[in-house]
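These notes concern the structure reproduced below.
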């Protein structure tokens, strides 16, 4: 069945509007910490150092526990792309080198955003990444990667 160009022109803006609304609803990754961590804000460099194993403590002196969501993979991929402009195969190779040489441990992985929120809310040193639309009052946003 062939569709007329006029019909396609009318349908395309509707489709684009629907896709755009879906993308906006998802939100961008934000970095969160426990309310008792003593951290109000973090720079991109500080977050990079914490999640890439270069820094072991939060600026407040508390031992850091970086936490990331393993699934869906797109969440983790978007985080590292925005943070360090690297894709997941590069990040996985980086961590393989550090882990097998005994230099550092990769961030703890959990299965869902709810688990990230729960772990960060319950641990003073935890620092995690979740979709900004999912943040609740149990945690503090210290870096918005969508800005």
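The values are calculated or read from the model by the stated rules, or taken from the named source; none is laboratory data. Being a predicted model, the structure only gives us computed values, none of them experimental. Backbone-built Cβ (ideal geometry, glycine too); neighbour counts: all protein chains shown.
Considering only the range 80-89, how many residues are in a helix (DSSP H, G or I) and over 12 Å from residue 52 (Cα atoms)?
Of the residues in the range 80-89, 4 are in a helix (DSSP H, G or I) and over 12 Å from residue 52 (Cα atoms).
Among (1) at pLDDT below 90; (2) surrounded by 14 or more Cβ atoms within 10 Å (Cβ to Cβ); (3) in contact with a helix residue (DSSP H, G or I) (Cβ under 9 Å, 6 or more places away or on another chain); (4) closer than 16 Å to residue 49 by Cα, where does residue 75 come up short?
All conditions are met except number (4).
How about the range 61-78: which of its residues are in contact with a strand residue (DSSP E or B) (Cβ under 7 Å, 6 or more places away or on another chain), over 16 Å from residue 125 (Cα atoms) and in a loop (DSSP other than H, G, I, E, B)?
Selection gives 70 alone.
Conditions tested, residue by residue: (1) surrounded by fewer than 16 Cβ atoms within 10 Å (Cβ to Cβ); (2) in a loop (DSSP other than H, G, I, E, B); (3) modelled with pLDDT of 95 or more.
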residue	(1), (2), (3)
31	no, no, yes
42	no, yes, yes
47	no, no, yes
59	no, yes, yes
114	yes, no, yes
127	no, no, yes
142	no, no, yes
147	yes, yes, no
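Looking at (1) surrounded by 14 or more Cβ atoms within 10 Å (Cβ to Cβ); (2) in a loop (DSSP other than H, G, I, E, B); (3) modelled with pLDDT of 95 or more, find the lone condition where residue 104 falls short.
(3)
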